[in-house]
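Data first, discussion second: the structure below is written as structure tokens.
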Amino acid sequence: MCKKDMKAALFDLDGVVFDTEPQYTIFWGAQCREFHPEHPGLEHEIKGQTLVQIYDAWFSGPLQDKQTLITERLNQYEQQMSYDYVAGFEAFVKTLRQKGVKTAVVTSSNKPKMEAVYASRPEFSSLFDAILTSEDFERSKPDPDCYLKAAERFGIEPKDCVVFEDSFNGLKSGRAAGMYVVGLATTNDAEAIRPLCDEVISDYIVH
């Protein structure tokens, strides 16, 4: 799986470390039915987008005053979510670290969301050498800023980094950063993400 000579493995969070995307589909399905009943299935179209992107595209103008309400709902929802690892992830990341590969989470999630993760998974932070959240970079995926900052933190060249992503924006971000990109077919179909990846996997179990 992925490059044999990688020096850093950079992981998105939702759909990559945790199998949370189905839970977000439920949350956004409820919001979309309430505020966009004219657009059935919208929750599937916005998968993998950041909160800012969703708000700009679908909750601006007349619905701008609903952003605070939705954010409050989302924060409450994330406190109660199940944070189950994608199959094989824990063993995979531990093996990487034993081999001297640096590991980092690079996510658009904010600190309140991460506090929920830490509360649910006390061992989580010990799996990574660095955790970068939305507060650590200026521009969101698909801009490469977040992945370039992760490489810079480790002092490692982008070409020696491997990005693990599931969303179209995340895959584009890793590719724009000049990194080897592994796509996880947890959120979108393998064939849909394949053009943006060097490799596609369904989970971290070696089959």
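Residues Ile156, Ile205: which one is in contact (Cβ under 8 Å) with a residue 60 or more places away in the chain and surrounded by fewer than 16 Cβ atoms within 10 Å (Cβ to Cβ)? The unique qualifying residue is Ile205. Against the numbered list (1) part of a loop (DSSP other than H, G, I, E, B); (2) without any contact (Cβ under 8 Å) to a residue 24 or more places away in the chain; (3) within 22 Å of Thr71 (Cα to Cα), Ser109 comes up short only at (2).
Being crowded, with 19+ Cβ neighbours inside 10 Å and part of a strand (DSSP E or B) is not true of Gly170.
Looking at region 85-106, which of the residues that are part of a loop (DSSP other than H, G, I, E, B) and either more than 13 Å from the chain's Cα centre (by Cα) or at pLDDT below 95 (or both) is surrounded by the most Cβ atoms within 10 Å (Cβ to Cβ)? This residue is Val101. Quick one: would you say Asp14 is touching a residue at least 40 places away in the same chain (Cβ under 8 Å), under 23 Å from Ile205 (Cβ atoms), surrounded by fewer than 16 Cβ atoms within 10 Å (Cβ to Cβ) and of a type outside the set (A, V, I, L, M, F, W, C)? No: the conditions fail for Asp14.
Scanning region 116-136 for residues that are exposed (fewer than 13 other Cβ atoms within 10 Å of the Cβ) and either of a type in the set (Asp, Glu) or under 15 Å from the mean Cα position of the chain (by Cα) (or both) turns up Glu123, Glu135. For region 159-191, residues that are under 23 Å from Gln23 (Cβ atoms) and without any contact (Cβ under 8 Å) to a residue 24 or more places away in the chain total 4. Scanning region 31-43 for residues that are surrounded by 13 or more Cβ atoms within 10 Å (Cβ to Cβ) and without any contact (Cβ under 8 Å) to a residue 40 or more places away in the chain returns Cys32, Arg33, Phe35, His36, Leu42, Glu43. Pick from region 118-140 the residues that are part of a loop (DSSP other than H, G, I, E, B) and of a type outside the set (S, T, N, Q): which of them is nearest to Gly170 (Cα to Cα)? So, considering only residues that are part of a loop (DSSP other than H, G, I, E, B) and of a type outside the set (S, T, N, Q), the one nearest to Gly170 (Cα to Cα) is Arg139.
The values are calculated or read from the model by the stated rules, or taken from the named source; none is laboratory data. Computed from a predicted model, the values in this text were never measured in an experiment. Don't worry about glycine lacking a Cβ; one is built from the backbone with ideal geometry, like all the others, and counts go over all protein chains shown.
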